[in-house]
Amino acid sequence: MKKIKLNNQKKVGIIIIIFMIAFVLLGFLNPHPFDLMNKDLKLAGPSFSHLFGCDEFGRDILKRTQTGMGISVAISVFSVLIGTFFGTVIGALCGYFGGIVDEVLSSIIDVLFAVPSLLLALVFVSLFGSGYLQVTLALGIAIVPSFAKMMRSEFKKQRELEYVKMAKLLKIPTARILFVHILPNVTETFLNCVFIAFNNCILAEAGLSFLGIGVQPPLASIGTLLSDGGGYIRKAPFMVFFPALTLILLLFGIGLLSSGESFHHAYSKRFKD
Amino acid sequence: MKKIKTLVLFCLLTLTTVLCACTDDKAKASESITIGIAQDIDDSLDPHKMVAAGTKEIFFNVFEGLVKPDSDGNIVPAVAESVEVSEDKLSYTFKLRKGIKFHDGKAVTIEDLEYSINKFAGRDGSGNAAVSSAFSNISEVNILSDDSIEIKLASPDPAFLSYLASVEAAIIPKGNATPDTVAIGTGPYKYVSRSPLQNVVFERFDSYWGEGGNVKNVTFKICTNADTIAMELEGGTIDMCIHLTKGQKMQLDPQKFNVYEGTMNLVQALYLNHEFEPFNDVNVRKAMNYAVDVNEIMDYVSDGSGSKVGTSIYPNFGKYFDKDLTEVYNPNLDTAKELMAKSAYPNGFDMTITVPSNYDQHVDTALVLKSQLSQIGINAEIKEVDWETWLNDVYFGRKYDATVIGVDAANLSANALLSRFTSDASDNFTNYSNAAYDEAFKNAVSSADDETATKYYKECAEILNSDAANVYIQDLPDFVALNKKYEGYTFYPLYVLDLTKIKAVQ
């Protein structure tokens, strides 16, 4: 097995992401509970015992950022998993079979696509209540349409290629053709979609929490930290600065990983060898 | 080179304009003021149909009833010059003020009074219900002469005048065919225009009967984004803002702004649903009251401002308010734990606090409550919901365990705050049911004189406290920022903004 070759952008991206994972995991060593209030530390600035300062309840912002980042990432990862799974299956079926299957599924997707994904998530949350489970599901469902669209066009292209026609002639089961033969050949689009969806999820979760329907207090997510801090931006800018900085770093890392010279080359090289 | 010249010229021009503007700042201040309000005024302009508290709050300056409240909570004559109450408290005779005019310049006639009273009492044959249930008590409206009118009640009501002293009992002209869109009243300011989501404009009414306003033009700017309000104040696009939060207040420059501190005139409490299992146990409710440290809540939520309530009456209610009740449940964890041990839930229980997410103060309060209640083994989950959901599920649906909210009063009668806790009240969202309370309340409403009524209302308030009906917290502080170019903001014991008190600093 040959090593996957990575360009510099991706290397930096991976370093940043490892750094962020370490940051979240180090939260377990942080002695301050994320919901412990302290009257004397209200809006206290950064200090040695509280590196990121304290919020309006005197809670440690570092710990809250670590917890919040963990929750935001967890929500996003699971949402992307849900969205990717259904999006890929639907897209694959539409693109590969075409005809009536494509017509029906595509129309449904088009209808969903017409509704902004944040609104879709809002409707879902208002139907099933708020909480991070609901938010995860809602965001996952919101990802499906765009994912299905991308996958559909990719599978449609691949369907016409020689290797698929050969596989068909060899009477290889359709499921195998779809997910073992075709899928690896659309990895480039697939991975880019995953990374973009992940970015969007973090931001959408922040938006939902900002609207007060995401994770419930006193639990924090990056979104709630930003919205709480926004009210104190003049008096205590550190309240919004540090959570925002970590969010920017994470998104930057993911962006680097998904951009630049694509995985395609690395993979196709592997296939050639 | 030419470009630079133009640029320099342009900058100079702008500078001159700005400098010119500075010189007549003071003159401008007496001419106009811009006030930021949080919500659009999309209500009906008919005072008898206004629903939102925020609408009534500013239209207090446009509409007046026969009587109106003053800033001390007294009821003073307005459209009526004087009032006489009969011995049996069943007949009120109002004398029309001489020379009083509507905003369109027409004199107020006795027919306008009759029309308005019949309209807001639901007696004009239009099928509309009375704006307040207290007005269905009106049995007759008789014109006695050109300048006096009599209102007869079916049964005596000591609080009747305080009901009349609100925007919803305003006097409006009979000749106005479209009161929904054309606002004509008798107040110190007249309504000029409204641009949806932009502003509402008032202008001083120069033929006002009393001491009118000082500032000529008043513009209410709609600032729906809470995060930008402090910036707008600092930037000077608004001169004044009512109902600031603690966070917004903190951001203001004390050199440029006077921040007035009053109270919001509401009772903030952890309201308990008495249908929810643990809360029908008085020991549990008392334990919760002992476990909750109101001072600590005030420290976190509003930097120590606010006033304790202890029962469903807030301090501005003067004679009904009993300060001793705020000291009954001084925080004491030992007592709280003893009471929990005596209850059916010695090991505590789980509960959910439903709280509307648009009210930061209530969400913050819920957070502190959660940590305080955990000390006696009560595990409170916080569930944030949007305002519509809160209204439907909690207020109307009564499907909740506990909620943090502020309950306000429509007028200055204790009835407005206490009636909701009678067993069969339609707005009894806490499902509170106590025979002793119902009895005391019935006595209060049916008492002929104010003194007896007050005694019984106080008894009601005491029952709510001793029975630990809810975990009473505070009357929230209300902050108003006013640019130092102006002065004179005055708080009322009701939810109103009196523009006449505001004037430019000389």
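What follows draws every value from the coordinates through simple rules; no lab data is involved. Treat the numbers as computed from the prediction; the structure is a model and nothing was measured. Positions of Cβ are backbone-derived with ideal geometry, glycine not excepted, and every protein chain shown enters the neighbour counts.
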Debye calc, one equal point scatterer per Cα of the range B:56-145, no solvent, log10 I(q)/I(0) at q = 0.12, 0.14, 0.17, 0.20 1/Å comes to -0.42, -0.58, -0.87, -1.22
Give the separation of the Cα centroids, the range B:351-430 to the range B:435-506, in Å. 19 Å
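Before anything else, pin down the relative contact order of chain A: Cα pairs under 8 Å, at least 6 apart, normalised by residue count, whole percent. Please report the intermediate quantities before stating the final value.
Values: 376 pairs, mean separation 75.7, N = 273.
Once divided by the residue count of chain A, the mean separation gives 28 percent.
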Working note, chain B: Cα radius of gyration (Å, one decimal) and Dmax (Å, whole number) are 25.2, 91
Tilt, helix A:117-128 to longest principal axis of chain A (alpha-carbon atoms), in degrees rounded to tens, equals 70 degrees
Using alpha-carbon coordinates, inclination of helix A:132-159 to the longest axis of chain A, degrees: 30 degrees
B:E140, B:E57, B:E459 arranged by Cβ crowding within 10 Å, fewest neighbours leading: B:E140, B:E459, B:E57
How long, wide and thick is chain A, going by the Cα atoms along their three principal axes, in whole angstroms, largest first? 76, 46, 27
³J(HN,Hα) computed for each position of the range B:217-223 - Karplus, 6.51 cos²θ - 1.76 cosθ + 1.60, integer Hz, glycine/proline x: 10, 10, 10, 9, 9, 7, 10
Apply the Karplus curve 6.51 cos²θ - 1.76 cosθ + 1.60, θ = phi - 60°, to the phi angles in the range B:182-192 and return the couplings in whole Hz, x for Gly and Pro. 10, 9, 10, x, 10, x, x, 10, 10, 6, 9
Under the Karplus relation 6.51 cos²θ - 1.76 cosθ + 1.60, θ = phi - 60°, what is the ordered set of whole-Hz ³J(HN,Hα) values for the range B:197-209, x standing for Gly and Pro? 6, 10, 7, 10, 10, 10, 9, 4, 9, 6, 9, 5, 5
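Based on other C-beta atoms within 10 Å, arrange B:R285, A:R176 from fewest to most.
Values: B:R285 21, A:R176 11.
Exposure proxy ranking, most exposed first: A:R176, B:R285.
Counting other C-beta atoms within 10 Å, and keeping those with at most 12, which DSSP coil GluC sites (Glu not before Pro) do you find in the range B:197-262?
Details: sites: B:E203, B:E211, B:E232, B:E234, B:E261; in loops: B:E211.
Hits after loop and neighbour filter: B:E211.
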Given backbone amide H placed at 1.01 Å from N, residues whose amide H is under 5 Å from that of B:K101, ignoring those fewer than 5 places away on the same chain, are B:V108, B:W209
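Just the number, please: percent antiparallel of the DSSP beta bridges in the protein assembly as shown, rounded to the nearest 5. Write out the running numbers ahead of the final one.
On the way: 56 of 73 bridges.
The antiparallel fraction comes to roughly 75 percent.
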Relative to the longest principal axis of the C-alpha atoms of chain A, give the angle of the C-alpha long axis of helix A:263-272, reported between 0 and 90° and rounded to the nearest 10°. 40 degrees
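Starting from the Cα gyration tensor of the protein assembly as shown, take the square roots of the eigenvalues, sort them a ≥ b ≥ c, and report rounded, prolate or oblate (rounded when a/c is under 1.5, otherwise prolate if a/b is larger than b/c, else oblate). Display every interim value, and only then the final one.
Values: a/c = 2.02, a/b = 1.69, b/c = 1.20.
Prolate.
Mind putting a number on the dipole of chain A about its Cα centre? Charges go on the C-beta only, +1 for Lys and Arg and -1 for Asp and Glu, and I need it in Debye to the nearest 20. Please list the in-between numbers first.
On the way: 24 positive and 16 negative charges, 197 e Å.
It works out to roughly 940 debye.
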Using the 10 angstrom Cβ neighbour count as an exposure proxy, how do B:Y489, B:Y314, B:Y300, B:Y395 rank, fewest first? B:Y395, B:Y489, B:Y300, B:Y314
Mind putting a number on the dipole of the range B:417-506 about its Cα centre? Charges go on the C-beta only, +1 for Lys and Arg and -1 for Asp and Glu, and I need it in Debye to the nearest 20. 640 debye
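What share of the DSSP beta bridges in chain B is antiparallel, in percent to the nearest 5?
Numbers: 55 of 72 bridges.
DSSP beta bridges in chain B are roughly 75 percent antiparallel.
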Of B:I35, B:S139, B:N330, whose Cα points farthest to the positive end of the dipole of chain B (charges on the beta-carbon: +1 Lys, Arg; -1 Asp, Glu; origin at the Cα centre)? B:I35
Using only helices, what value at 222 nm comes out for chain B when you add -39,500 (n - 2.57) per DSSP H run of length 4 or more and divide by the total residues, to the nearest 500 deg cm²/dmol? -8000 deg cm²/dmol
What is the Cα centroid distance between the range A:64-92 and the range B:221-264, reported in whole angstrom? 39 Å
Per residue of A:216-225, what is the mean number of Cβ atoms on other protein chains within 10 angstrom of that residue's Cβ? 3
